[in-house]
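Trainee: Provided herewith is a single structure, encoded as structure tokens, for subsequent inquiry.
Every number here is computed from the coordinates shown, using simple stated rules; none is lab data. Every value quoted in this text rests on a predicted model; they were computed, and no experiment measured them. Positions of Cβ are generated from backbone atoms using ideal geometry, with glycine treated the same way; all protein chains shown enter the neighbour counts.
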Amino acid sequence: MIDILRTADEVRARVRAIHRKGQRLALVPTMGALHEGHLSLVREGRRLAEVCAASIFVNPAQFGPREDLSRYPRDEAGDVAKCASAGAAFVWAPDTREVYPEGYQTYVEVSELSRRWCGEKRPGHFRGVATVVAKLFCAFEPDVALFGEKDFQQLAVIRRMVRDLGMAVEVVGMPIVREADGLALSSRNIYLSATERRSALGLSRALQAAAHLKANGETSASRLVEAASAELRAADARVDYVAVVDPTTLEPMDLVDRPARMLIAAHVGKTRLIDNAAL
Ligand code: AMP
């Protein structure tokens, strides 16, 4: 079985040994409850670097006061076994005090990209994400870090942070891994009852409906949003937002005459789900 490191000092010692051998290091940050989406990042990390490591940390700083921090699924032993089978060399699973020591007060804020969409619906979320990823990059100094397009706004925020702070890490975005019926894999899918699981399909169906309309010549963002929203309503999913955005700035678009991304967040029962696709 692979090593589980607990402290940042242990990570630094391990990383120094890797770099001394002239090897490249890839990092896959996660919150655990791992599935094929996470493992696709680990496998690609192994392809891009000699050594791939994963971190497992349910980051309190990115959860709002009324969110699911306390019930977020945790399975460290299972996660470590999955990381090993996907080719990770070691895992960092720190406790909260290791990441946020007593008196902690330093945060990273990516202002514009964090303003809209999930940033508006989850105040402070991206500040928590950017901060923890910056801390991970400080400990690992990875050559490459891999993130899923599943969290499209998060990926944009991290790319911007790396550019703005001049961090020497290559950020790689990976395609969304889905179930055969289209549902995007998510650690939160285990919250869903059988009925809710059917409603959750509304998100991928909504994206497909919009992409289909777009392929047939529709260029009005509001009509694409309306078509997607109708699918969500039909599935009994409660829309949080549906947007057509510029893939880099995440600013809303009116006329879809260039590459665009549709972003969706919706509630199914008590569970908030997100999904997105190129249009
Ligand atoms: P999380 O554990 O949810 O914070 O996710 C850790 C990383 O895995 C993030 O970069 C996510 O975007 C990525 N990820 C989560 N779900 C998927 C998926 N279905 N396909 C691809 N990447 C994913």
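Trainee: Summing Lys, Arg as +1 and Asp, Glu as -1, what charge do residues with Cβ under 11 Å from the Cβ of residue 206 carry, residue 206 excluded?
Mentor: Every neighbour counted, the sum reads -1.
Trainee: Sticking with this structure for a sec: Tabulate in residue order the Karplus-calculated ³J(HN,Hα) for the stretch 47-54, using 6.51 cos²θ - 1.76 cosθ + 1.60 with θ = phi - 60°, rounded to whole Hz; enter x for Gly and Pro.
Mentor: Once rounded to whole Hz, the list reads 6, 8, 8, 5, 10, 10, 10, 10.
Trainee: With the Cα gyration tensor of the chain in hand, give its eigenvalues times 5 under a square root as the equivalent ellipsoid semi-axes, listed largest first in whole angstrom.
Mentor: Calculated on Cα positions only, the semi-axes equal 33, 20, 18 Å.
Trainee: Please compute the length gained on full extension between residue 1 and residue 19, using 0.36 nm multiplied by the number of residues separating them and subtracting their Cα-Cα distance.
Mentor: Fully extending the segment from residue 1 to residue 19 adds 4.2 nm.
Trainee: Next question. Taking amide hydrogens as modeled 1.01 Å from N in the peptide plane, which residues meet the under 5 Å criterion relative to residue 57, leaving out close sequence neighbours?
Mentor: Result for residue 57 returns 30, 31, 32.
Trainee: How big is the antiparallel share of DSSP beta bridges in the stretch 3-174, given as a percent to the nearest 5?
Mentor: Bridges in the stretch 3-174 are about 0 percent antiparallel.
Trainee: Additional query: What angle do you read, to the nearest 10 degrees and between 0 and 90, between the alpha-carbon axis of helix 8-20 and the longest principal axis of the chain?
Mentor: 80
Trainee: Any chance you could give the angle, 0 to 90 degrees and rounded to 10, that helix 194-215 forms with the longest Cα principal axis of the chain?
Mentor: Roughly 70 degrees between the two axes.
Trainee: Taking θ = phi - 60°, what integer Hz values does the Karplus form 6.51 cos²θ - 1.76 cosθ + 1.60 yield along the stretch 130-141, in sequence order, with x for Gly and Pro?
Mentor: After applying 6.51 cos²θ - 1.76 cosθ + 1.60, I find 4, 5, 5, 5, 4, 5, 4, 5, 5, 6, 8, 6 Hz.
Trainee: I want the local charge near residue 164. Using Cβ-Cβ distances under 12 Å, sum +1 for each Lys or Arg and -1 for each Asp or Glu among the other residues.
Mentor: +1
Trainee: Counting Lys +1, Arg +1, Asp -1, Glu -1, what net charge surrounds residue 271 among other residues with beta carbon under 12 Å of its beta carbon?
Mentor: Once all neighbours under 12 Å are counted, the net charge is +2.
Trainee: Could you pull out every residue, at least 5 positions away or on a different chain, whose amide H is within less than 5 Å of the one on residue 272? Hs are placed 1.01 Å off N in the peptide plane, and Pro or chain starts have none.
Mentor: none
Trainee: Which of 123, 65, 73 ends up with the largest GNM mean-square fluctuation for the chain, with Cα atoms connected below 10 Å?
Mentor: 65
Trainee: Which ordering of 74, 258 is given by a fewest-first count of other beta-carbon atoms within 10 Å?
Mentor: So the ranking, lowest neighbour count to highest, is 258, 74.
Trainee: When the Cα centres of the stretch 117-153 and the stretch 209-275 are compared, how far apart do they sit, in Å?
Mentor: 23
Trainee: From the cross-link list 82/135; 82/150; 121/150; 135/270; 82/214, which pairs have alpha carbons spaced over 28 Å apart?
Mentor: Where the Cα-Cα span goes over 28 Å, the pairs concerned are 135/270; 82/214.
Trainee: Let me ask something else about it. Starting from the amide H of residue 90, placed 1.01 Å from N in the peptide plane, find each other amide H under 5 Å away whose residue is 5 or more places distant or on another chain.
Mentor: Amide H to amide H, under 5 Å and 5 or more residues apart or across chains, residue 90 pairs with 54.
Trainee: Additional query: Test of the criteria: in the stretch 227-275, which trypsin sites (Lys or Arg not before Pro) are in a DSSP loop and have at most 11 other Cβ atoms within 10 angstrom of their Cβ? Before the final figure, lay out the partial values.
Mentor: Numbers: sites: 233, 238, 261, 270, 272; in loops: 270.
Passing sites in the stretch 227-275 are 270.
Trainee: Would you mind giving the three semi-axes, in whole Å and largest first, of the ellipsoid equivalent to the stretch 2-54 according to its Cα gyration tensor? Working shown, then result.
Mentor: Working: eigenvalues 81, 46, 9 Å².
Values for the stretch 2-54, descending: 20, 15, 7 Å.
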